[in-house]
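Read-outs throughout are calculated quantities, based only on the coordinates presented, and are distinct from any laboratory measurement. Treat the numbers as computed from the prediction; the structure is a model and nothing was measured. Positions of Cβ are generated from backbone atoms using ideal geometry, with glycine treated the same way; all protein chains shown enter the neighbour counts.
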Amino acid sequence: MARVPLLRRDDLPAEHKDILARDITLNRVLANSPGAARAFDNLGMFIRHRSRLDPRLRQLAILQVGWLARSPYEWSHHVRISRDFGLPDSDIAAIGPESEGQETGLDPLARLVLRGAREMWDGPGMSAATFDALRPHLDAELLTELTVVVAFYCGVVRLLATLEVDVEPDYQPFLQEFPLPS
């Protein structure tokens, strides 16, 4: 149960009802601070819809953070979003074994992106070796965007955990299909 009220559109003044255009639990929690909700949504929508970073690489990085955080909300939502962007189930299933250093069959660039996300999760940031290994594949804009994606989602999972945002019933099947480790 969330630590702050789960607001509904009827709880909000007219000028803020649009915050709940997507009626998901995260937005219902963030609606407690309309300014924060708008800022959060702005960066999230840039990442999802306006970034030049390849959607597969972006989603792999986000899934890696969700996996490392053991975040049911983040993981379930981004399993679905990853599928919406065309990621095969084999990519999603590779996150756990790749996190454990096992061979997964992922291509070298995908493995580098996941390694960079793991390094950023562990902190304080991506190693110079990994960043430099990404340079031949990603220009300065894409390297920056990859870094923003991972940093943003490191923050998202901490927000979800702190505010105890629950997974909606519609997303539970993704946790059954691709369970997180205990």
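Near residue 94, within a Cβ-to-Cβ distance under 10 Å, what is the net charge of the other residues, with Lys and Arg +1 and Asp and Glu -1? Spell out each step's value before the answer.
Numbers: positive: 111; negative: 89, 91, 98, 103.
My count for the surroundings of residue 94 gives -3.
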Next item on the list: Post the alpha-carbon centroid distance, region 2-30 to region 71-87, in whole angstrom.
Entry: 22
Next item on the list: Determine the relative contact order of the chain: mean sequence separation of Cα pairs under 8 Å and six or more apart, normalised by residue count, in whole percent.
Entry: 31
Check: Using the C-alpha gyration tensor of the chain, what are the square roots of 5 times its eigenvalues, in whole angstrom, with the largest one first?
Finding: 29, 19, 14
Margin query: Within a 10 angstrom radius of the beta carbon, how do 77, 137 rank from fewest other beta carbons to most?
Written below: 137, 77
Checklist line | Span-like helix ranges in the chain, DSSP H, alpha carbon extent 20 angstrom or more, Kyte mean at least -1.0 | finding: 55-69, 108-122, 140-162
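How much length would be gained if the chain were fully extended between residue 48 and residue 129, taking 0.36 nm per residue of separation minus their Cα-Cα distance, in nm to one decimal?
Numbers: separation 81, 0.36 × 81 = 29.16 nm, distance 2.71 nm.
Extra length from residue 48 to residue 129 when fully extended: 26.5 nm.
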Margin query: Using Cα springs under 10 Å in a Gaussian network model of the chain, which residue among 13, 55, 72 shows the largest mean-square fluctuation?
Written below: 13
Margin query: I'd like to compare 33-45, 155-167: which one has the highest average count of other Cβ atoms within 10 Å, and what's the full order after that?
Written below: 155-167, 33-45
Next item on the list: Determine the sum of side-chain charges near residue 19: Lys and Arg each +1, Asp and Glu each -1, restricted to other residues whose C-beta is under 13 angstrom from that of residue 19.
Entry: 0
